[in-house]
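Here is the structure we will look at.
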Amino acid sequence: MSILARASKDIAKSHLVIRGKCSLSGELKVSGAKNSALVLMTAALLTEESIRIKNVPELTDIEGIVDILLTMGVTINRHSNEIQITADDLHHVELPYELVNGLRASFFCIGPLLARLGKAKIPLPGGCRIGARPVVEHIKGLKALGAFVNVEHGVVTASVPGESRRLKGADIVLDCPSVGATETILMASVLAEGTSTIENAAQEPEVQDLAKMLNKMGAQISGAGGPKITIKGVKKLNGCDYTVIPDRIEAGTFLIAAAITRSSLTVTPLIPEHLSAVLQKLRDCGCKFEPDKQGLKIIPGEITGVDITTQPYPGFPTDLQAPFMALLTTAKGTSIVTEKIYENRLQHVAELQRMGASIRVQGNAAVIQGIPELSAAPVTGGDLRSSAAMVLASMAAKGTSQLRGLDHLDRGYANLEGKLNQVGADIKRHQR
Ligand code: UD1
């Protein structure tokens, strides 16, 4: 059994006991970005030299990627939040279903494997609770770069024809600004022959982080962070040291934790530009901010309802929709939350309703009538971000709640209860 599977099995049995009506104060430390670290670790496959990545968060998803890299013959050395990856003996191009299942980020390996070895065989990542999550755009991009791609029996087999086994630069226009597709195409095209462009590219900070590290490795990428990225292919990439950006979703979750408990907190480190849409919505509903250290101090006032629509970056992130909805259940007045990225990302509504929230779902929108106080209940987080939402709702509720679904929570939040307890929360983990 893989480390990830073992860890998930143990975590699935545990639950959190969360005492509500807590008041928080002090400083919350933000870890490195999960969605950056995962892709940067697979980008290390693009060179035989060592890549040292700093500020890697301690998460079960990271353990999952470590497992996968190890099966490919990669050497990994770790010292607390630093991971050194050396892919000098990269030979295994097939990923087993048991390792890939449940870890979508494993699909990131396809770009580097094709670029470096000219072949890859990876099971389709499949959908998840929040939606279908296709990889059509990733495959379209790889085909445009000259790869033969065949999807059969749930497995994607890809190879680069010709003696050189080198992909060829191409102009690619994405149907939607998919983060994963943009990252896959970036990693595949950096070692291609000639120049590639990606139009309608995802502009997320994690895409920018990947392009920055690749450029440090010797790639020639320009325009990352905008809608058109240009990649001039190079023959070889070298090793480098790189520090992952702070996790904007964790930082946003902490700011919302302060708002829902009506507490003043400093959240650091945090890059305000990465959270502009979220900071704007928090201001609109009554919060003030002051720069503090490497981050921000949030000072919540009376919280009033606001409307939110999730969008690709720089719009409001879908990954903070559930936590923000938890906040809005306690706001004065009516709010409408519209989910535009995933077709099934309103599952937390039923759990919030168990805590007394007044929410009506209409298609992909939730109409929330704020109430003065949530009441504690046994609840379950059905996915990563809805689990976080339920932690926040429980901290604000009257009474003591029990939260299950920690396998999701631990995928994306490093020591969440430890961090929150340090600033005044009362959260205990029970193994059964
Ligand atoms: C990444 C993040 C995830 C975040 C999401 C959207 C990682 C590891 N995960 O996921 O936390 O919620 O961005 O910000 O970085 N789509 C297609 N066809 C495709 C690919 C995507 O239609 O080929 C659609 C998806 O169904 C979805 C939307 O595009 O509706 C966004 O997906 P995408 O940006 O690809 O998300 P991920 O990269 O999987």
Region 260-417: C-alpha gyration tensor shape, a/c 1.5 cut-off, then a/b vs b/c: rounded
Rg/Rg_ref, the chain, where Rg_ref = 2.2 N^0.38 Å and atoms are Cα: 0.98
Added length on full extension, which subtracts the Cα-Cα distance from 0.36 nm per residue, residue 311 to residue 165: 48.8 nm
Structure-based [θ]222 nm, the chain - -39500 (n - 2.57) summed over DSSP H runs of at least 4, per residue, nearest 500: -9500 deg cm²/dmol
Simple spin-label estimate for residue 21 and residue 276 in nanometres, 7 Å along Cα-Cβ: 4.2 nm
For peptides 254-264, 277-287, 42-52, sequence by mean Cβ density within 10 Å, most packed first: 254-264, 42-52, 277-287
R0 of 56 Å, Cβ-Cβ distance residue 292-residue 151: FRET efficiency to nearest 0.05: 0.70
Neighbour-limited loop hits for chymotrypsin sites (Phe, Trp or Tyr not before Pro), region 104-162 (at most 11 other Cβ within 10 Å; DSSP other than H, G, I, E, B): none
Full-extension gain in nm, residue 398 to residue 75, via 0.36 nm per residue minus C-alpha separation: 111.3 nm
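Past 20 Å, Cα to Cα, is the threshold; run 29/293; 34/398; 143/340; 119/235; 34/228; 228/281 against it and keep the listed order.
Where the Cα-Cα span goes over 20 Å, the pairs concerned are 34/398; 143/340; 34/228; 228/281.
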Trypsin sites (Lys or Arg not before Pro) within region 284-339: DSSP coil, no more than 12 neighbouring Cβ in 10 Å: 293
Shape category assigned to region 69-140 from the gyration tensor of Cα positions, a/c cut at 1.5: oblate
At 1.567 mPa s and 4 °C, Stokes diffusion of region 34-243 via Kirkwood alpha-carbon radius, µm² per second: 78 µm²/s
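Bear in mind these aren't lab numbers, they're just calculated from the coordinates by the rules spelled out. On a predicted model such as this, the values are computed, not experimentally measured, just so you know. FYI the Cβ positions are ideal-geometry reconstructions off the backbone, even for glycines, and counts take in every protein chain you see.
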